[in-house]
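Read-outs: derived from the displayed coordinates by stated rules, not from any lab. Predicted model, so just to flag it, every value in this text is computed and none were measured. Glycine also receives a Cβ, built like all others from the backbone with ideal geometry; neighbour counts cover every protein chain displayed.
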Amino acid sequence: MNHLAVSMCGLSLAVAALANPAVAQEDPAKKTQTAKTFWGVSAEKFEYRYSDSDEELAVVEGDAYYGTDELKFRWLFEGEWEEAHNAWETLENQFVAQTPVDDFWDAKAGVRIDTPEGPDRVYGVLGLTGLAPYWFEVDTNLYVSDEGDASVDFEAEYELLVTNFWIMSASFESLVAFSEDREIGVGKGLNSTEVGLRLSYDLIDRSFAPYLGVVHERKYGDTADLARDSGGSTEDWFAVVGARLSF
Amino acid sequence: MKKSILMVLLAGLAFSAANAGEYDISVDRVQIDTGDFNKEGIGYNGASPGPILRFKEGEQVTINVTNNLDEMTSIHWHGLILPFEQDGVPGISFPGIKPGETFTYQFPIVQAGTYWFHSHSGFQEPNGAYGAIVIEPEGREPFRYDREYVVQLTDKHPHSGDRIMRNLKMSADYYNRQQQTVGDFFAESGEKGFMATLKDRMMWGDMRMMKADIEDVQGFTGLINGKGPEQNWTGTFEEGDRIRLRFINSSAMTYFDIRIPGLEMTVVQADGNNVQPVNVDEFRIGVAETYDVIVHIKDKEAYTIFAESMGRSGFARGTLAPEKGMTAEVPELREAPLLTMADMAGHMEHGGMDHGNMNHDDMAGMDHSDMGGNAEMDHSAMGHGSMGQGEGETLPEDPFYAKGSGLMPTASNGGKFLSYADLKAQNPLYEDREPTREIELRLTGNMERYEWSINGTKYEDADPIVLQYGERVRFKFVNETMMTHPMHLHGMWSILDVGEGKWNPLKHVISVAPATTVYMETEVDAPGEWAFHCHLSYHAASGMFRKIVVEGGPDSAVAEGKQSEHQGDES
């Protein structure tokens, strides 16, 4: 129940942030002359991965949002479909409220629901997302599961403009757990890292940008042991082909 | 109530029996063909741009606007001095015009010159809802011409206004295809050294700011009177003609640098008001500004009207020719400018520093090399190969740009580029007097989030600016952003301070370049409630907007009388 309290607290903070500016709303032109609510749907990753050990995965990472400058509601989706097992190796849905805490940073709070093949988990989420100096896009979250286990993920991405249409993006993801959750293959300490390099071309505006790339995934420590025990790999190289989508 | 309306109507009839005009405008869905793409949009009387409305000074106009859309609409008469209920801003002047409804505007024309009209609802204006207004003066004009053309510019985009706004909110650099690339990095390393270039990139990266952040919305086709570059709007003339060109920038977002290679232009009007004539080779027209120029063509050649966007991401083109079908060479776009640390100064002085931990020594170092780079760029742009390095100081300075600004314009032929400092009123409308008070308005924003504001507060969170009827207010604009903002005050003149006292020109849009401070004064002579905003469509909609309330003074019926006094002053 911990996670619920945490996320509810975050949500109510966010709602308070939205309510504040609404105090002096007597001027009707504030409605007619301003664009207030926005939405967007995008998939940072929409790709097929071929591993060096002949594993094949379909991977989708995307989000949809609706909201104002002050408060956005965001649904984040992450899925890995394993071809060989005909199963979702990863299936995460996050529902968060997001509000600015600085010129470049937003805080997030909400829930994450994991329903992959195997045991399900529900997490409370507290996160920080934004743009660090030197144009690094950073996203980091603290998760507390319904089993009482806590973990932190960290993602950073950098886009290098080869030209204004050819973009090389480098990404790094890692997961650290504070306690073990054997059922879902999570060991204590550094769990895994994923490093990716993708070269994309903006074919239609920024709506459709096909890419080719390479991804390296590695598991560490107890997590690696757990993976080995269940017959999985601990290190993979993937060739990826896909597209970045944005609507 | 009914009686008083009747009285007003009768009075109006009596006054205007000899001098009244009735005009009908329908607001319609239209197709806009730019030559590059076809797009559904909004227009007037079945076309975009709409008709040219030709009024006479002293005329009492009645304009019936019928809304054939399935959404609310409005028409704002940009630059016209009129009772505030007629100003056409939904939520401030009136509720707006419902679908299927006809709204009748009625107001006296108390001025002369070139103006325009556009919707003030949503993004209908970027979607095509604009037209021109030409007002013939009562008296003689201090210049002569044989023929005249309206040259109305816009930056037509293949995306609708709503979509553009949404994309900018999702990613502020969505439309920016002039960002610095790896290639640029190595080219610059070759010139300035690897470390200097790296340091420069680190500096800008530390602040999360882009040198190439000049035009938010690229990918447009520049139109002249609704025609794209390939469709080539052409105005014809006879040998020896003096042609008055009424330039109107009806763009949503784009400043244009305008020239007619081979012809000198004499600027005779700015924002509808006569100015002391200035001969120029090129001028920059801010969004929503108008400039009237006269060209004298002594031969039977064709001449290209070339309007490059300030950030060089697009252009509009038209032709002046003895007969249709004749064309002249269309110049290449010049190299895109880059912002410099000078353009950043306003941002850094006021809070920007809090976020990056930048150190001042680095700053000074960068500043230098950066401006050097800028000066070099200007050289190449001017084609002055003979001008040596280190002569940056001898470049013409424009007090309306930050010293060392990357946006400082230069004429492509090395000649005269119009500056605000050149604008002097031909015939001052108001007596020069001390302002009663000063109001500081900092132009602020968050580029990354695409939020724009005044004094750090967006419109939705702000109280109105309250002015007292009869006062003369001095507005101090301090631009703390890296964008150029064309600030537009409705209903009252903006007297731009160019340091010429009573000869300071009257405008309706004051463009404020990055990291500069610009003053304007306003004689508060129009009671009621007015809009005041940045005229870049997506900046206004993001919050760079205020309501102005003028307290006291006569009611608007009497105000009409007051305005006819002005009319007397002018003639």
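Working from label points 7 Å from Cα in the Cα-to-Cβ sense, the residue B:324 to residue B:179 distance is 4.5 nm.
Of interest is the spacing of the C-alpha centroids, which for the stretch B:437-484 and the stretch B:301-343 amounts to 33 Å. Over what distance in Å are the Cα centres of the stretch B:158-190 and the stretch B:30-107 separated? What the calculation gives is 33 Å, centre to centre.
Projected onto planes of every orientation and averaged, the convex hull of the alpha-carbon atoms in the stretch A:93-242 covers 10.1 nm². Computed from the C-beta positions of residue B:433 and residue B:455, the FRET efficiency with R₀ = 25 Å rounds to 0.40. In order along the stretch B:220-237, the Karplus-derived 3J(HN,Hα) couplings, from 6.51 cos²θ - 1.76 cosθ + 1.60 at θ = phi - 60°, round to 8, 10, x, 10, 10, 6, x, 9, x, x, 6, 7, 6, 4, 10, x, 9, 8 Hz, and Gly and Pro are given as x.
Here the calculated FRET efficiency for residue A:239 and residue A:34, from their Cβ-Cβ distance with R0 = 56 Å, stands at 0.75, rounded to the nearest 0.05. From its DSSP helices (H runs of at least four residues, each -39,500 (n - 2.57)), chain A gives a residue-normalised ellipticity at 222 nm of -3500 deg cm²/dmol. Evaluated at 4 °C with a viscosity of 1.567 mPa s, what Stokes-Einstein diffusion coefficient in µm²/s does the stretch B:214-335 have when Rh comes from the Kirkwood expression over alpha-carbon pairs? So the translational diffusion coefficient is about 89 µm²/s.
In this entry, the protein assembly as shown is assigned a mean projected area of 37.9 nm², taken as a quarter of its C-alpha convex hull surface.
Of the residues A:170, B:339, B:84, the one whose Cα sits farthest toward the positive end of the charge dipole of the protein assembly as shown, with +1 on the Cβ of Lys and Arg and -1 on the Cβ of Asp and Glu, is B:84. For residue B:24, project a label point 7 Å along Cα to C-beta. Then give me every residue of the stretch B:96-129 with its amide nitrogen under 16 Å of that point. Answer for the stretch B:96-129: B:100-105. Take the Cβ-Cβ distance between residue A:214 and residue A:115 as r, set R0 to 51 Å, and report the resulting FRET efficiency rounded to the nearest 0.05. With R0 = 51 Å, the Cβ-Cβ based efficiency is 0.95. For chain A, the longest principal axis of the C-alpha atoms and the axis of helix A:2-19 are separated by about 30°.
If you take the Cα centroid of the stretch B:220-254 and the Cα centroid of the stretch A:210-242, the two points sit 60 Å apart. Each residue, residue A:83 and residue B:276, gets one label point 7 Å from its Cα in the Cβ direction; the gap between the two is 7.9 nm. What you get for chain B, charging only the Cβ of Lys and Arg (+1) and of Asp and Glu (-1), is a dipole of about 960 debye around the Cα centre.
With axes computed from alpha carbons, what is the tilt in degrees of helix B:556-570 against the longest principal axis of chain B, rounded to the nearest 10 within 0 to 90? Roughly 70 degrees between the two axes. Antiparallel beta bridges, as assigned by DSSP with both residues in chain B, represent about 70 percent of the total such bridges. Expressed as a fraction of 2.2 N^0.38 Å, the C-alpha radius of gyration for the stretch B:2-140 is 1.09. Taking every residue in A:164-173 and counting other chain Cβ atoms within 10 Å of its Cβ, the average works out to 2.
Note on residue A:75 and residue B:163: the model spin-label points, each 7 Å out from Cα along the C-beta direction, lie 2.3 nm apart.
Computed per residue of chain B from DSSP H runs no shorter than four, each worth -39500 (n - 2.57), the mean residue ellipticity at 222 nm is -5500 deg cm²/dmol.
Here the Gaussian network model covers chain A, with springs between Cα atoms less than 10 Å apart; of A:223, A:99, A:163, A:163 fluctuates the most. Positive-end ranking of A:151, A:184, A:196 along the dipole of the stretch A:103-213, with charges on Cβ about the Cα centre, is headed by A:196. As a proxy for reagent exposure, ranking B:466, B:89 by other Cβ atoms within 10 Å from fewest up yields B:466, B:89. Beta-bridge orientation, the stretch B:437-570: approximately 70 percent antiparallel, per DSSP, counting only bridges with both partners inside.
For chain B, the calculated P(r) over all alpha carbon pairs, in 20 Å bins from 0 to the bin holding the longest distance, is 21, 56, 21, 1, 0 percent.
DSSP beta bridges fully contained in the stretch B:2-140 are about 65 percent antiparallel. Under the definition of Cα pairs under 8 Å and six or more residues apart, what whole-number percent is the relative contact order of chain B? The value is 13 percent. Relative contact order, whole percent, for chain A stands at 15, derived from Cα pairs under 8 Å and 6 or more residues apart. For residue B:464, the shell of other residues with beta-carbons less than 13 Å away shows a net charge of -4, using +1 for Lys and Arg and -1 for Asp and Glu.
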